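All remarks here apply to the structure that follows.
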Amino acid sequence: MTHLRDLLMDSAVLPRVDRQLLLYQRRLTERLATIEDPGHRQLLRRFATWHQMRRLRTKAEKGPLGRSQTNHTKQEVTRAGAFLGWPADRGCVIGQCQQADVDAWHTESLATRRPSQSFLRGCIKTGRVPRLTLPPAVITQHPEPLHQHRRLAILRRVLNDDSLPLRARIAAALVLL
């Protein structure tokens, strides 16, 4: 089928469309068909249509798409689908997610969960989930190690600052020790 479409595009019977884009659309249709919850399927379809497909079409107009671009987009849909089922396993729905839920989602496996962030940003922007803070896209480390007096100053602040939640103060103290 793909070969026939390529031949028809080469002979100008069909308008030229990026092959990777077509393959991605087919994969997306197959992926959406596997989602049982109609609300989740609708959220993913909107995300894919208004965010991903628009971005991929814009890139395809500038030049042929590579596999890495569509693979990243597939990964985003896969991780977004996983996130949609995750709150239900914890006894809540996506619209009721709290900061602690999003933090727990990313804490379990930040590297594999990072692709869900564009979906989460879209849900936050459209009001499908409350305003939440996502981990930074790039985690950078300070080039210099934390010196002893700086570490002790931070520890002193953590131990004496009553405005911070107790759990955060305890966790920070353990890390600094």
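The values are calculated or read from the model by the stated rules, or taken from the named source; none is laboratory data. As the structure is a prediction and not an experimental result, all values here were calculated from the model. Don't worry about glycine lacking a Cβ; one is built from the backbone with ideal geometry, like all the others, and counts go over all protein chains shown. When the accessible area is computed, the model is the full protein with side chains, heavy atoms only, and any ligands, DNA or RNA have been set aside. Shrake-Rupley method; radii C 1.70, N 1.55, O 1.52, S 1.80 Å.
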Give the residues of region 114-131 that are without any contact (Cβ under 8 Å) to a residue 40 or more places away in the chain and open to solvent by 30 Å² or more (accessible area, probe 1.4 Å), sorted by residue number.
114, 121, 125, 126, 127, 130, 131
Please state which of the following conditions residue 69 fails to meet, knowing it meets all the rest: (1) part of a loop (DSSP other than H, G, I, E, B); (2) more than 23 Å from residue 126 (Cα to Cα).
(1)
Identify, please: which residue in region 46-83 is among the basic types (Lys, Arg) and open to solvent by 80 Å² or more (accessible area, probe 1.4 Å) and is, among those, farthest from the chain's Cα centre (by Cα)?
62
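Is it the case that residue 104 is of a type in the set (A, V, I, L, M, F, W, C), free of Cβ contacts under 8 Å to residues at least 60 places away in the same chain and either under 25 Å from residue 29 (Cα atoms) or surrounded by 19 or more Cβ atoms within 10 Å (Cβ to Cβ) (or both)?
Working: of a type in the set (A, V, I, L, M, F, W, C): yes; free of Cβ contacts under 8 Å to residues at least 60 places away in the same chain: yes; either under 25 Å from residue 29 (Cα atoms) or surrounded by 19 or more Cβ atoms within 10 Å (Cβ to Cβ) (or both): no.
Taking the combined requirement at face value, the residue does not satisfy it.
Restricting attention to region 110-124, does a residue exist that is outside any helix (DSSP H, G or I) and modelled with pLDDT under 85?
Initially, region 110-124 is screened for residues outside any helix (DSSP H, G or I), giving none.
No - not one qualifying residue is present in region 110-124.
Right, residue 41: without any contact (Cβ under 8 Å) to a residue 12 or more places away in the chain and surrounded by 13 or more Cβ atoms within 10 Å (Cβ to Cβ) or not? Before the answer, list the steps.
Details: without any contact (Cβ under 8 Å) to a residue 12 or more places away in the chain: yes; surrounded by 13 or more Cβ atoms within 10 Å (Cβ to Cβ): yes.
The answer is yes for residue 41.
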